[in-house]
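These notes are about the structure you will find just below.
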Amino acid sequence: MKANSKYSALAAIIVMVILALPYRLAADAKSAANKSSTAQWSVEVDKINPGDVDLESAFQVAIYENLLDEVGKTKRFKQVFRSGDRNAKDVPDLLLLKTTVQKYTAGSETKRAVTTVSGATKLNVLSQLCARDGKVVLELTVEGDVHFFGSNLRATHNLARNVAKKIKESTLPDPSPAASESTAAASGAASNPAAKRPSLR
């Protein structure tokens with residue numbers, strides 16, 4: 001009798017789990033749908049500001065191109081725009097990534113090939129994510145360098161990767177629904193001139 005009662009209890013538990021499973025799956029599906037519908041920032045990567053540092057244009061271009069690539073890989077943003085892209089103008093939830101070079105140490109590829117003690121190329125930048133109104137929502141000081149084998153420009157790749165990693169790990173404020181609705185309303189009014197005309201009554 002005891003064995004039968006154990007089997008009965010086990011069967012009851014299995015039945016309860018089976019009955020509860022559809023509700024759990026439905027809840028998980030609803031949660032996933034909510035996450036996918038959550039507003040997501042887009043970002044425009046601004047041109048690199050050399051600041052007071054005498055930085056070769058090749059380094060500035062390399063930092064910029066690497067930033068575009070690495071920020072895109074984070075999947076943190078809905079869209080990633082180049083500086084000056086006209087398509088970014090109509091995007092409601094847009095942040096601007098500004099990067100200013102603070103320090104630069106020109107290294108030597110030859111010295112790095114001989115010793116790991118000297119010859120390092122080092123870059124230090126201030127990266128800011130700014131809203132349209134100029135408010136800074138995230139500010140980071142990031143370094144990138146190359147100590148061992150590799151070209152000096154390798155430091156720009158390491159720098160961009162570090163910036164992207166910190167952005168991915170940071171918490172950003174949610175995009176403002178009000179701002180999105182305001183932009184959408186403005187776009188709708190622009191596409192429908194009749195909506196601007198006052199009533200003749």
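The values are calculated or read from the model by the stated rules, or taken from the named source; none is laboratory data. The structure presented is a predicted model; accordingly, all values stated were derived computationally and were not measured. Methodologically, a virtual Cβ is constructed for each residue, glycine included, from the backbone with ideal geometry; neighbour enumeration extends over all protein chains shown.
Scan Asp133, Asp54 and give me the residue that is out of contact with any His (no Cβ under 6 Å at 6 or more places or on another chain), of a type in the set (D, E, K, R), under 23 Å from Ala39 (Cα atoms) and at pLDDT below 95.
Going through Asp133, Asp54 in turn, the sole match is Asp133.
Name every residue in region 120-143 that is among the basic types (Lys, Arg), part of a loop (DSSP other than H, G, I, E, B) and either more than 25 Å from Asp93 (Cβ to Cβ) or touching a residue at least 24 places away in the same chain (Cβ under 8 Å) (or both), in order of residue number.
Matches in region 120-143: Arg132 only.
Restricting to region 56-82, give me the number of residues that are touching a Leu at 6+ places or on another chain (Cβ under 9 Å) and surrounded by fewer than 17 Cβ atoms within 10 Å (Cβ to Cβ).
Total meeting the criteria: 3.
If Lys111 satisfies all but one of (1) at pLDDT below 90; (2) among the charged types (D, E, K, R); (3) surrounded by 14 or more Cβ atoms within 10 Å (Cβ to Cβ), what's the number of the condition it fails?
(3)
If a residue has to be part of a loop (DSSP other than H, G, I, E, B) and either farther than 12 Å from Ala164 by Cα or of a type outside the set (Ser, Thr, Tyr) (or both) to count, how many in region 38-93 make the cut?
25
Name the residues in region 83-102 that are within 29 Å of Leu123 (Cα to Cα) and surrounded by fewer than 13 Cβ atoms within 10 Å (Cβ to Cβ), would you?
If the condition is that a residue be within 29 Å of Leu123 (Cα to Cα) and surrounded by fewer than 13 Cβ atoms within 10 Å (Cβ to Cβ), then Gly84 is the only one that fits.
Any chance region 62-69 includes a residue that's aromatic (Phe, Trp, Tyr) and either within 14 Å of Ser127 (Cα to Cα) or out of contact with any helix residue (DSSP H, G or I) (no Cβ under 7 Å at 6 or more places or on another chain) (or both)? Steps first, answer last, please.
Of all residues in region 62-69, those aromatic (Phe, Trp, Tyr) come to 64.
Checking which are either within 14 Å of Ser127 (Cα to Cα) or out of contact with any helix residue (DSSP H, G or I) (no Cβ under 7 Å at 6 or more places or on another chain) (or both) leaves us with 64.
The answer is yes, given that some residue of region 62-69 is aromatic (Phe, Trp, Tyr) and either within 14 Å of Ser127 (Cα to Cα) or out of contact with any helix residue (DSSP H, G or I) (no Cβ under 7 Å at 6 or more places or on another chain) (or both).
Report yes if Val125 is closer than 15 Å to Leu67 by Cα, modelled with pLDDT of 90 or more, surrounded by 12 or more Cβ atoms within 10 Å (Cβ to Cβ) and not basic (Lys, Arg), otherwise no.
Yes; evaluated as a whole, the condition is true for this residue.
Kindly evaluate Val80 against the criterion of being of a type in the set (A, V, I, L, M), at pLDDT 95 or above and under 16 Å from the mean Cα position of the chain (by Cα).
In short, yes.
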